[in-house]
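Since the structure comes first, as structure tokens, the remarks are kept for the end.
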Amino acid sequence: MRLDGKDWRAFFDSMERDAWRLETHPVYTVPQEEDAIRRFLAGQPLEPSDAAAWIERVKGFRNTGRTVGRVHVLTRPLTDYLRFEFAHYHHNVAAGEDVRILDLTDRDNPGLPEQDFWLFDESKVVLMNYRPDGTQISRELIDGDPTPYVEWKRLAVAHSVPFAEYVKEHG
């Protein structure tokens, strides 16, 4: 089943305990971010409105006892997009999102797929499908056993470090 627009938002917001994401791409092409990226690359600071909607959602989830987390798998040097995303991650963490980084620059992949996905309540999986340029193709709720995704989450968390620790070490 494909999840778009309001259906995606309603599905996401219906989580009972947690939502967790594996991110594997060095670039995501998001039309709504074009102006913010252009400003960022020109040396201008992010505006509060650039991430306000997500920050408010994360705070709302936290206020109801639910959690949101992610591990972004990457290799250095960081792409311009990742530098932009890192600027947002500072705000995400401050809002209560558990953002972690798994840097594979000098190490082997611990067995994670090259497929982005969201895992909800460790029971529902939504595949995030992208073109090579980072443009999203679809969000697809899969019907099947979530066990491999739960294991990939465990591996990603075990082999990653909190965002603040990563930035402190790598700048």
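Before moving on, here are some points about what is shown:
- Matching residues in the range 104-124 - criterion: being closer than 19 Å to residue 13 by Cβ and more than 14 Å from the chain's Cα centre (by Cα): 121, 122, 123, 124
- Residue that is nearest to residue 90 (Cα to Cα) [pool: residues in the range 16-55 that are in a loop (DSSP other than H, G, I, E, B) and over 16 Å from the mean Cα position of the chain (by Cα)]: 46
- Some residue of the range 100-109 being of a type in the set (S, T, N, Q) and in contact with a helix residue (DSSP H, G or I) (Cβ under 7 Å, 6 or more places away or on another chain): no
- Tabulated pairs, the range 154-171, first open to solvent by less than 40 Å² (accessible area, probe 1.4 Å), second small (Gly, Ala, Ser) and at pLDDT 95 or above, C-beta under 9 angstrom, 6+ apart or interchain: 155/111; 166/160
- Subset of the range 109-127 that is of a type in the set (A, V, I, L, M) and in contact (Cβ under 8 Å) with a residue 40 or more places away in the chain - its residue that is surrounded by the most Cβ atoms within 10 Å (Cβ to Cβ): 126
- Residue 64 fulfils the conditions (1) of a type in the set (Val, Ile, Thr); (2) touching a residue at least 40 places away in the same chain (Cβ under 8 Å); (3) loosely packed, with under 12 Cβ neighbours inside 10 Å except for a single criterion, (2).
- The residue pairs whose first member lies in the range 140-153 and is at pLDDT 95 or above, whose second member is among the acidic types (Asp, Glu), and whose beta carbons are closer than 9 Å, counting only pairs six or more residues apart or on different chains, are 146/122; 149/122; 150/122; 153/122.
- Only strands (runs of 3 or more DSSP E) whose full extent lies in the range 104-171 are considered here, and the ones with at least 1 residues that are among the acidic types (Asp, Glu) are 116-120, 136-141.
- Enumeration of residues in the range 26-61 that are among the β-branched types (Val, Ile, Thr), open to solvent by less than 50 Å² (accessible area, probe 1.4 Å) and under 25 Å from residue 160 (Cα atoms): 55, 58
- Within the range 74-102, the set of residues being open to solvent by less than 20 Å² (accessible area, probe 1.4 Å) and in a strand (DSSP E or B) comprises 74, 99, 101, 102.
The values are calculated or read from the model by the stated rules, or taken from the named source; none is laboratory data. Quantities reported herein were computed from a predicted structural model and do not represent experimental measurements. Cβ: placed from backbone, ideal geometry, glycine included. Neighbour counts: every protein chain shown. Surface accessibility is based on the protein's heavy atoms, side chains included, excluding ligands, DNA and RNA. Shrake-Rupley method; radii C 1.70, N 1.55, O 1.52, S 1.80 Å.
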